[in-house]
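The values are calculated or read from the model by the stated rules, or taken from the named source; none is laboratory data. Not measured: the values here are computed from a predicted model. Glycine gets a Cβ as well: all are built from the backbone with ideal geometry, and neighbour counts include every protein chain shown. Calculation scope for accessible area: heavy atoms of the full protein, side chains included, ligands and nucleic acids excluded. Shrake-Rupley method; radii C 1.70, N 1.55, O 1.52, S 1.80 Å.
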Amino acid sequence: MNLLKSLFSNKGVLGINGRNVLYLKPFNPKKAIKMADNKIKSKKFLSTRGVPVPKLYQIIKDRKDLENFNFKSLPSSFVLKPNKGYGGEGIIPIIGKSGSKYLSASGKEHSKQQIEEHILDILDGRYSINNAKDEAFFEQLIISDDRIGKYSYKGLPDIRVVVHNLVPIMAMLRLPTKESDGKANLHLGAVGVGIDIAKGQTTHICYKNKIIEEIPQIGNIRGIKIPFWDEILLIASRIQLITNLGYLAVDICIDKHMGPVLLEINARAGLSVQIANMAPLRQRLEQVRKIKITNPTKGVRVAKDLFGNVIEKEIKQISGKTLIKPVETIEIIKKNETLKFAAQIDTSKKKSKIRRKLAIAKGLLNEKNSYDEKNQTIKLKFSLKGKRIITVFDLIDGENKEYEIILGRRDLSDFLIDPSLVTKKDHFIPKPIIKEDIKENEYEKIDNLLYSADTKAKIINYVKPVRITLEKRKFLEDETYTPKLRYKELRFRPEEEMELLSNLKFDDSVLGQLFRDKRDEIVLKMDLIKNIGKENFTDLSKKLYGQPSEKEVNDAKKLLIQHKNDLKSEEIDLLNFEEAKLILEKTLRNYSLENWSILGKRNMISSCSTKKNKIILLKKTAYFSRNKLEKLITHEIETHLLTNENGATQAYNIFKYGLKDYLKIQEGLAMYNIEKKFRIPFSSNKKIASLIIAMSMPEKTISEIIKILIKEYGITQKDAFGTALKVKRGVGDENAKGIFTKDYLYFSGYKAIKEFENKGGDLKDLYIGKVNIEYLEKIKTLPFILSPKYLPNWYTNK
């Protein structure tokens, strides 16, 4: 720490006066500052130029607007902001409603009257710069990408990037805390975490202008990789070019669906960013001031060249040594290939050591003149932090639960070890880090790109008809009424995404195959979304999900006809939303998964849905029998949620968001689990049978399908409506021909699971993550794959 203090005490620390005189006045025209201060105007201006921003819902310009404003026109979640606010003041993020109360992200309840009073304060200029009269506006609530959101307290974390001369100078991750009331502003008590410009990795943690070792209740988050890092830097540089602000800070968040999104621009950014990075800001600004930068791409490249690992570079200049962590990745250089491993740095050992079992497995003993059988040593060449070292390793036996390679002090004379750089991740590397043909950062880049594209290609979000609750009520009141099927506009451009994905390059390694096949599936999903309401929608749906065979349809018809006259058992002891929520929360506690939240939502087609941002949506208007709720727990929590959690422990996100065709296995596994746990044969599932039959009638309208299900198969009016709606989603208007075959996955998935079991497959392997049986054996050859941490409690004896 003394070394860092000495570095920071030199010239180059930027203060408020220096910022104003040297950078704001010369480089920021008054007109440009005025636009930056106006959030609505600046976002509209940037949005039309391709910068992603949250959706604007409504603007309240004056008291008359407020008097006439219909709060029912707002979605259930939104953010209320002052247009000319600063420092995070006056912002209220609303995550939902409880009765007539609005729930903020920090957990507070607000009545409509309190919201109106807050808007009046905004209009009177309470939160604006210089207390000038202001406007209030409602915009989209951004849900943070879980890879960043899990480190913050309830609110929305963001990434602040300081830009000058098109070069991203310095950046930090701002994390809301309980003290900051869920806001990301450091002066309110939020935490700032420096980010290495070149790597996009977190470095030092700053709280109230002091460096701390870890965040309370979270721990040390150094070394965390920021998703979409290159894209974030490029957006920040482009914004500086577009706005003509020569010195500014850009605040960007990462939305779980859209990726990087601009929150706001700041022409008077605070200076805590230099504390979080333990580096003087003025020094960096002066370094780029006279460089000729022609475009944002070059600006980002210059930033990475100049400012990556700046502290490490300065330490090396002073000491002549490179800074390393207690655990580092090394590359062992063989004659025809290079292998990557995690190595423990241990200066208590004089010589370096390697596990005999690993050396044999990787063919290191076969290298010419390397193996000394008498002394049980092996001579190897390896690279650490770019420096090549030739040394003799001792071969050791026995088991080491963490590291297979230990580097002793004889090979570390050119390095300095900083114990504070150790991360939680370093303690849990059970196997050597061995990547295949593509470099590690290329794998991660592809993984992030596919993750971003997949979150945009959420078919269910777009095939769900708008105002369907109203249409359902009209139909149930009048059977002659034909429900209207209308769909929301797309929030992304499928063609652009598909073109981007088509340019990705893959090798023939196992990971390369997984990524390539997932890319092809995402492209198909985007093509389906692009064709919602069009003639070829059905063909694309069949290509993606399959379709029932004639035999499967006939079997479904026989089942329903056989049970057509069954008396409906009266359901007693029904549970409402709150009661069901308590039972689900207890289940989550039993699996030590209290980090998941259960939220109520009114307009849902299904009664329950598991989201990948650690949220379970439960239909607020639904009632559940205890039997139905137990099946729901098995389906949603003990299948989807547990595999989601296991997937999150793997090295790549693809095991969390899902390999190609993972959904078929997920839904089939859920059906199988219900069959085994409750001893109810899948073949007797009347709900699935009715869906299969409905899919066999693509030429019928939604109303015709409903009538056939009621008259010929004894389905209730309510269930017939739900079944018909599921298979006609996305087809077009209410009279269009065609079907949506996604729900066939329950049937085809169950068959795949049964076949897997009959061949001796272990169902526990399917809990590694969101996987597909087709790839299972290949996946198990990957050295970094972890065994599933979470399994259904009743799987213990399977």
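Below are the figures for this structure:
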| quantity | calculated |
| --- | --- |
| Meets criteria (in contact (Cβ under 8 Å) with a residue 24 or more places away in the chain, closer than 30 Å to ILE615 by Cα and surrounded by 12 or more Cβ atoms within 10 Å (Cβ to Cβ)) for LEU574 | yes |
| Leading residue by the ranking (surrounded by the fewest Cβ atoms within 10 Å (Cβ to Cβ)) among those in segment 198-217 that are part of a strand (DSSP E or B) and polar (S, T, N, Q) | GLN201 |
| So GLN666, is it touching a residue at least 40 places away in the same chain (Cβ under 8 Å) and not in a helix (DSSP H, G or I) | no |
| Residues within segment 218-227 that are farther than 12 Å from LEU175 by Cβ, at pLDDT below 85 and in a loop (DSSP other than H, G, I, E, B), tallied | 1 |
| Residue count, segment 98-112 (criterion: out of contact with any helix residue (DSSP H, G or I) (no Cβ under 9 Å at 6 or more places or on another chain) and surrounded by 15 or more Cβ atoms within 10 Å (Cβ to Cβ)) | 4 |
| Selection status of ILE674, more than 33 Å from the chain's Cα centre (by Cα) and touching a residue at least 12 places away in the same chain (Cβ under 8 Å) | no |
| Options ILE16, ILE115, ILE40, ILE95; residue that is of a type in the set (Val, Ile, Thr), open to solvent by 60 Å² or more (accessible area, probe 1.4 Å) and in contact with a strand residue (DSSP E or B) (Cβ under 7 Å, 6 or more places away or on another chain) | ILE95 |
| Near pairs, Cβ below 6 angstrom, 6+ apart or cross-chain, from segment 539-556 (touching a residue at least 40 places away in the same chain (Cβ under 8 Å)) to any residue that is small (Gly, Ala, Ser) | GLY546/SER748; VAL553/SER696; ALA556/ALA689 |
| Segment 361-375 - residue that is polar (S, T, N, Q) and open to solvent by 50 Å² or more (accessible area, probe 1.4 Å) and, of those, modelled with the lowest pLDDT | ASN369 |
| Total residues in segment 678-699, condition free of Cβ contacts under 8 Å to residues at least 12 places away in the same chain and either β-branched (Val, Ile, Thr) or under 16 Å from LEU725 (Cβ atoms) (or both) | 1 |
| Count - residues of segment 55-84 that are within 30 Å of LEU241 (Cβ to Cβ) and open to solvent by less than 10 Å² (accessible area, probe 1.4 Å) | 2 |
| Flag for LYS586 being under 21 Å from GLY658 (Cα atoms) and open to solvent by 60 Å² or more (accessible area, probe 1.4 Å) | no |
| Residues located in segment 460-473, provided they are under 26 Å from ASN503 (Cα atoms) and touching a Lys or Arg at 6+ places or on another chain (Cβ under 6 Å) | none |
| Any pair with Cβ under 8 angstrom, 6 or more apart, that starts in segment 583-596 at a residue that is within 18 Å of TYR151 (Cα to Cα) and ends at one that is open to solvent by 50 Å² or more (accessible area, probe 1.4 Å) and in a loop (DSSP other than H, G, I, E, B) | ASN595/LYS150 |
| PHE721 vs. criteria out of contact with any Gly (no Cβ under 8 Å at 6 or more places or on another chain), within 30 Å of ASP765 (Cβ to Cβ) and not acidic (Asp, Glu) | no |
| Conditions (1) at pLDDT 90 or above; (2) open to solvent by less than 40 Å² (accessible area, probe 1.4 Å); number of the one not met by GLU135 | (2) |
| GLY730 at positive phi, touching a residue at least 12 places away in the same chain (Cβ under 8 Å) and touching a Lys or Arg at 6+ places or on another chain (Cβ under 6 Å) | no |
| Listing of helices (runs of 4 or more DSSP H) fully contained in segment 481-563 that carry 2 or more residues being farther than 14 Å from THR741 by Cβ and touching a Pro at 6+ places or on another chain (Cβ under 8 Å) | 510-530 |
| Whichever residue in segment 454-468 is among the hydrophobic types (A, V, I, L, M, F, W, C) and open to solvent by less than 50 Å² (accessible area, probe 1.4 Å) and, among such residues, is modelled with the lowest pLDDT | ILE468 |
| The lone exception for GLU699 - which of (1) in contact with a helix residue (DSSP H, G or I) (Cβ under 8 Å, 6 or more places away or on another chain); (2) of a type outside the set (Gly, Ala, Ser); (3) farther than 30 Å from TRP596 by Cβ it fails | (1) |
| Residues of segment 690-741 that turn out to be over 14 Å from VAL463 (Cβ atoms), touching an Asp or Glu at 6+ places or on another chain (Cβ under 9 Å) and of a type in the set (Lys, Arg), as a count | 2 |
| Within segment 333-393, strands (runs of 3 or more DSSP E) holding 3 or more residues that are free of Cβ contacts under 8 Å to residues at least 40 places away in the same chain and of a type outside the set (Asp, Glu) | 377-384 |
| Cβ pairs under 6 Å, 6+ apart, first in segment 120-144 and without any contact (Cβ under 8 Å) to a residue 60 or more places away in the chain, second hydroxyl-bearing (Ser, Thr, Tyr) | ASP134/SER128 |
